[in-house]
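Take a look at the structure set out below.
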Amino acid sequence: MGDHGDGEKDIYIGELGYSAAPGPVSQPVDDATRARYLTETMESTTCTPYVFVLSWQLHPTAGAPAAWTMLDPALRPTQTYDALVAWSQRVDAVRAD
């Protein structure tokens, strides 16, 4: 962003995710891959000063079916949720040092 004169602007990523169900123009992404994508996203964005907010849907709602969320329809954690917990624990450990 800095290379294009936007280095002082914040980015708000309001919705991020990958569906575990097939869509009209997309293939499903299995939960293990979604978990890896979440980890890679968190690692790359949290050290970027201009990413202000990053949101991934936690639980199913009328507007966000379970295929897009970190909890299944019975509100049990998915591998994607577990990846967020593991990433958070690693960050806490680094901060404690």
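Name the pairs: first residue in segment 75-97 and charged (D, E, K, R), second residue not in a helix (DSSP H, G or I), Cβ to Cβ under 9 Å, at least 6 apart or on different chains?
Asp82/Met70
So, in segment 27-36, of the ones that are out of contact with any Gly (no Cβ under 9 Å at 6 or more places or on another chain) and in contact (Cβ under 8 Å) with a residue 12 or more places away in the chain, which residue ends up least open to solvent (accessible area, probe 1.4 Å)?
Ala35
Looking at segment 47-74 only, could you name the residues that are over 15 Å from the mean Cα position of the chain (by Cα) and either assigned to a strand (DSSP E or B) or in contact (Cβ under 8 Å) with a residue 40 or more places away in the chain (or both)?
Tyr50, Pro65
For segment 9-26, name all the residues that are hydroxyl-bearing (Ser, Thr, Tyr) and open to solvent by 70 Å² or more (accessible area, probe 1.4 Å).
Listed by number, the residues that qualify are Tyr12, Tyr18.
Within segment 55-91, track down each residue that is aromatic (Phe, Trp, Tyr) and open to solvent by less than 40 Å² (accessible area, probe 1.4 Å).
If the condition is that a residue be aromatic (Phe, Trp, Tyr) and open to solvent by less than 40 Å² (accessible area, probe 1.4 Å), then Trp56, Trp87 are the ones that fit.
The values are calculated or read from the model by the stated rules, or taken from the named source; none is laboratory data. It should be emphasised that the depicted structure is a prediction, and the values quoted were computed from it without experimental measurement. Note: ideal-geometry Cβ built from the backbone for every residue, glycine included; neighbour counts use all protein chains shown. Just so you know, the surface numbers come from the protein's heavy atoms only, side chains and all, with ligands and any DNA or RNA stripped out. Shrake-Rupley method; radii C 1.70, N 1.55, O 1.52, S 1.80 Å.
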